[in-house]
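J.: Here it is, the structure in full.
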Amino acid sequence: MARKKIALIGAGMIGGTLAHLAAKKELGDIVLFDIAEGMPQGKALDLSQCGPVEGFDAKITGTNDYADIAGADVVIVTAGVPRKPGMSRDDLLGINLKVMKAVGEGLKQHAPNAFVICITNPLDAMVWALREFSGLPAHMVVGMAGVLDSARFATFLAEEFKVSVRDVNAFVLGGHGDTMVPVTSYTTVSGIPVDDLVKMGRSSKEAIDAIVKRTRGGGGEIVALLKTGSAYYAPATSAIAMAEAYLNDQKRILPCAVEVNGKYGLDGLYVGVPVVIGAGGAEEVIEISLDDEQKRNLDVSVEAVRELLVACKQIDPSL
Ligand code: TXD
C-alpha cells in the first residue's frame, strides 16, 4: 500500500512541529507548503535529516506550489498571521480571511478528498470560512482547539490533584477563546468526576474555578511569556491526534470545531463539541446534557462565534 500523504499549509512554528511529529510517527509522506520562498524547502531538508538519526521513513518536501499537495489524505492548515501589537481582532480577521480564501481554492483544486484540520485563528470563524471557500463536505473540514484546550485543562488539574496526566480526562466545549466552556461535571480523574473530588475535599471550588480561568486564558499566558509568537508544541500535538484518529479510523471522541446541525440547538454553526473522528471524518456529534449554567456559558460562546461570522461576511460579501 502506498504511503499516506500529509500536506501542511503554513510552514511556520506549528507547521514545522507538525512535520516533525508526523514524520516521527510515520503517518505518511509530508509536503510543507508556504508562501514564503525557500523557508518550507529549508525546513523540509532540515527535518529530512532527522530521519537517519531517528530512524523514520518519510519523504519530507517543501513547496510554494499548490500542485504539490495533489492527492493529500490529510491537510493541516496553519497559514496566516498571528496578532501583533497594535492590531485589532478585525485586522487579523480580515488578513486571515483572505488567506483562507487562497487556501480554500488550493484545496478545492488539488486536494478535494482530504480530511482538513484548520488551526488558524480566530479558529471557529476561520474553519467555517475555509469550508465555505473550499466547498469540501462539512464532515471533512474540522477545527483544532478543543483537544488543546482540554489538554491545558488536564495539565493544570493533574498538578492540582497531584496525579498522572494520563488519568485526567478533561472536557471543554464551545468556541476557542475567552468564552470557551471547561465542563467540570464531565471532567474526571480515573472515572471520578472533578465535582466529586471537590466534595471529597481533594481540592476546593475556588481552586477549580481558578484552573478554569487559567485554561480560558491558556493561550494568552504563553503569548505573554514568549513575546514573539504563540504556542506551537501542544497545538501541533493536538492536531496530530486528530489526524491519527482519521487515518487509523480510531473513532475517538474528541472535542473539535465542527459544523453542528440540529444538536445543541445550532443550525450549521462551527463550534467546539465532542465528535467521533474516524475514517468518515467527523462522523457524529455527541450531544451531552448540560445544566442551566453550562447552557448559558455555551450560549455566550456561540454568540461570540456568531459575531465573528457577521464580521467575516461584512469583509467578504461572497460568504
Ligand atoms: O488552538 C488553536 N487553534 C491555536 C491557533 C493555537 C495556537 C496558535 N493558533 C494559530 O495558529 C495562530 O494564531 C496562527 O493563526 C496559526 C499559526 O501559528 P504559527 O505559530 O505556526 O504561526 P507562524 O509561525 O507565523 O506560521 C504561519 C505561517 C508563516 O510561515 C506564513 O508565511 C504562512 O503561515 N502564511 C501562508 N502560508 C500559505 N498561504 C498563505 N496565504 C499564507 N500566509 C501566511
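J.: Nearest-5 percent of antiparallel DSSP beta bridges in the chain?
T.: Taking every DSSP beta bridge with both residues in the chain, the antiparallel ones total about 50 percent.
J.: Please state the charge dipole magnitude for region 86-243, taken about the Cα centre, from unit charges on C-beta atoms (+1 on K and R, -1 on D and E), reported in debye and rounded to the nearest 20.
T.: 180 debye
J.: Taking the Cα centre of region 203-319 as origin and charging only Cβ (+1 Lys, Arg; -1 Asp, Glu), how large is the dipole, in debye to the nearest 20?
T.: 380 debye
J.: Quick one: give the max-minus-min coordinate of the C-alpha atoms of region 103-172 along each principal axis, largest first, in Å.
T.: Ordered largest first, region 103-172 gives principal extents of 50, 21, 15 Å.
J.: Nearest 10 degrees is fine. How inclined is helix 13-24 to the longest principal axis of the chain, computing both from alpha carbons?
T.: Around 80 degrees separate the two axes.
J.: Follow-up question, since we're still on this one. Which trypsin sites (Lys or Arg not before Pro) in region 218-319 sit in a loop by DSSP (not H, G, I, E or B) and have at most 12 other Cβ atoms within 10 Å of their own Cβ?
T.: Lys227
J.: Computed FRET efficiency, Cβ-Cβ of Asp299 and Lys24, R0 30 Å: what is it to the nearest 0.05?
T.: Approximately 0.15, to the nearest 0.05.
J.: If you average the sequence gap of Cα pairs under 8 Å that are 6 or more apart and divide by the length of the chain, what percent do you get for the contact order?
T.: 16 percent
J.: Pull up all non-local amide H partners of Gln250: gap of 5 or more, or a different chain, and H-to-H distance under 5 Å with H placed in the peptide plane.
T.: For Gln250, whose amide H was placed from the backbone, the distant partners under 5 Å are Ala279.
J.: With all distinct Cα pairs included, what does the Kirkwood hydrodynamic radius of the chain come out to in Å, to one decimal, could you say?
T.: 20.0 Å
J.: I need the Kirkwood Rh of region 123-261: take the reciprocal of the average 1/r across all distinct C-alpha pairs and report it in angstrom.
T.: 16.1 Å
J.: Taking a spot 7 Å from the Cα of Arg202 along the direction of its beta carbon, which residues of region 156-190 have an amide N less than 18 Å from it?
T.: Only 156-171, 183-190 pass the distance filter.
J.: Got a sec to turn the phi values of region 250-266 into Karplus ³J(HN,Hα) couplings, 6.51 cos²θ - 1.76 cosθ + 1.60 with θ = phi - 60°, whole Hz, x for Gly and Pro?
T.: 6, 6, 6, 9, 10, x, 9, 7, 10, 6, 10, 10, x, 5, 6, x, 9
J.: In addition: What size of dipole, in debye to the nearest 20, comes out for the chain about its Cα centre when the only charges are +1 on Lys and Arg C-beta atoms and -1 on Asp and Glu C-beta atoms?
T.: 400 debye
J.: If you don't mind, there's one more thing I want to ask. Within region 13-111, which GluC sites (Glu not before Pro) sit in a loop by DSSP and count at most 10 neighbouring Cβ atoms inside 10 Å?
T.: Answer by residue number: Glu37.
J.: So what J values fall out for region 205-217 if you push phi through Karplus, 6.51 cos²θ - 1.76 cosθ + 1.60 with θ = phi - 60°, rounded to Hz, Gly and Pro as x?
T.: With the stated coefficients, region 205-217 comes to 4, 4, 5, 5, 4, 5, 5, 4, 5, 5, 4, 4, x Hz.
J.: Residues with amide H under 5 Å of Phe115's amide H, sequence separation 5 or more or different chain, H placed in the peptide plane at 1.01 Å from N; which?
T.: Close amide H contacts, sequence-distant or interchain: Val74, Val75.
J.: Quick check: pseudo-label points 7 Å beyond the Cα along Cα→Cβ at Lys313 and Asn169, how many nm apart are they?
T.: Rounded to a tenth, the inter-label distance reads 3.9 nm.
J.: Continuing with the same structure: Hey, if you put +1 on the Cβ of every Lys and Arg and -1 on every Asp and Glu Cβ in the chain, which of Ala7, Ile315, Val141 ends up farthest toward the positive end of that dipole?
T.: The listed residue farthest towards the positive side: Ala7.
J.: Here is a follow-up. Relative contact order of region 227-292, please, whole-number percent, based on alpha carbon pairs below 8 angstrom and at least 6 residues apart.
T.: 28 percent
J.: Loop-only GluC sites (Glu not before Pro) in region 221-310, please: DSSP not H, G, I, E or B, and at most 15 other Cβ atoms within 10 Å.
T.: Those satisfying the criteria are Glu287.
Only the coordinates and a few stated rules stand behind these numbers; no lab work does. Remember, it's a predicted structure, so these values are computed and weren't measured experimentally. All Cβ positions, glycine included, derive from the backbone under ideal geometry; neighbour counts span all protein chains shown.
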